[in-house]
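Worksheet for the structure shown next.
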Amino acid sequence: MKTLLIFILFFTVSAFSSNKTALLFARENIYIASDPIYIAIVIDDFGNQYDDIEKMVNIGIPITGAIIPGSPNSIEQMHLLKEKGHGIMIHMPIESRGAKKSWDTGLALKGGHSKEQIIANLEKAIEELPLATSINNHMGSIGTANRELMEIYVAKAKQYDFIVLDSLTTTKSKVKEAAEEQNAIFFERDVFLDNKKGIDHVQKSLLEALEIGKKNGYAIAIGHVGPAGNNGTTVQGIKDMIGHLQSEGVVFVTIDELHEIFGGD
């Protein structure tokens, strides 16, 4: 009888796997779904002490925490994210139009920097956050449109086998071009959760991610902690939608898990 049950389980999982199906162990839950919709939620601006950090890391689904290198609590929060089973990403400051001085922790990548300075800043960020496996841009409306800068940025990320996520803070971004040219692992944001204020907007944006996921198999949503996350609005908006999205067939994954399933570009 035991042998028969093992055979049935093996056959069932094999059948699902042949149809783009994942057997995902997410904390205490096991999700087995046929043609699931994968949503990866990336939460930017980890690294500082905000009241909603604790709520976000305990939200109950996998997220990817994007940490600003050089921030006061970056290392502490890297280990917290790891402890809670979340993905870890470097949220690299990149030159931006109209940004406040506080956005630059001293490691920002700017077009006026030499290649050596850009590489040095990236290496300092990677050394500070050794558990990171991916990288995205913090701000960057000017820098990500700079092809030469993005070529250096992507080359360094590829050297460490990082997943490169373009936050798409400008329509003129050259990240994808640089990534394709260098055959780097690449994804790009589909929706921002909190570029407008209010829980309603977070929920609406997650529904938009759901529709994108139905078409493409997955969607990537970016939200924030702290002031950019409207001081708790983002975490509450996500939490309120988890049950509904899961009932629609959504499986929440980290960026690393998304890459394992889809491979990236």
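The values are calculated or read from the model by the stated rules, or taken from the named source; none is laboratory data. Predicted, not measured: the structure shown is a model, and the values here were computed from it. Methodologically, a virtual Cβ is constructed for each residue, glycine included, from the backbone with ideal geometry; neighbour enumeration extends over all protein chains shown. Ligands, DNA and RNA are stripped out before the accessible areas are found, and what is left, the full protein with its side chains, is counted by its heavy atoms. Shrake-Rupley method; radii C 1.70, N 1.55, O 1.52, S 1.80 Å.
What the table shows:
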| quantity | calculated |
| --- | --- |
| Selection count where residues are farther than 18 Å from V225 by Cα, more than 19 Å from the chain's Cα centre (by Cα) and assigned to a helix (DSSP H, G or I), scope the stretch 73-111 | 1 |
| Residues satisfying the stated conditions in the stretch 34-46, i.e. assigned to a strand (DSSP E or B) and among the hydroxyl-bearing types (S, T, Y) | Y38 |
| Yes/no for A179 being in contact with a helix residue (DSSP H, G or I) (Cβ under 6 Å, 6 or more places away or on another chain) and either surrounded by fewer than 18 Cβ atoms within 10 Å (Cβ to Cβ) or farther than 22 Å from K84 by Cβ (or both) | yes |
| Pairs where the first residue, in the stretch 242-265, is aromatic (F, W, Y) and surrounded by fewer than 19 Cβ atoms within 10 Å (Cβ to Cβ) and the second is assigned to a strand (DSSP E or B) and at pLDDT 95 or above, C-beta under 9 Å, 6+ apart | F262/Y38; F262/F187; F262/Y218 |
| Cβ pairs under 6 Å, 6+ apart, first in the stretch 169-186 and of a type in the set (D, E), second surrounded by 21 or more Cβ atoms within 10 Å (Cβ to Cβ) and part of a loop (DSSP other than H, G, I, E, B) | none |
| Residue tally, condition open to solvent by 30 Å² or more (accessible area, probe 1.4 Å), part of a loop (DSSP other than H, G, I, E, B) and either under 30 Å from R147 (Cα atoms) or not aromatic (F, W, Y) (or both), over the stretch 47-72 | 6 |
| Condition broken by I118, with the remaining ones in (1) open to solvent by 10 Å² or more (accessible area, probe 1.4 Å); (2) touching a helix residue (DSSP H, G or I) at 6+ places or on another chain (Cβ under 7 Å) satisfied | (1) |
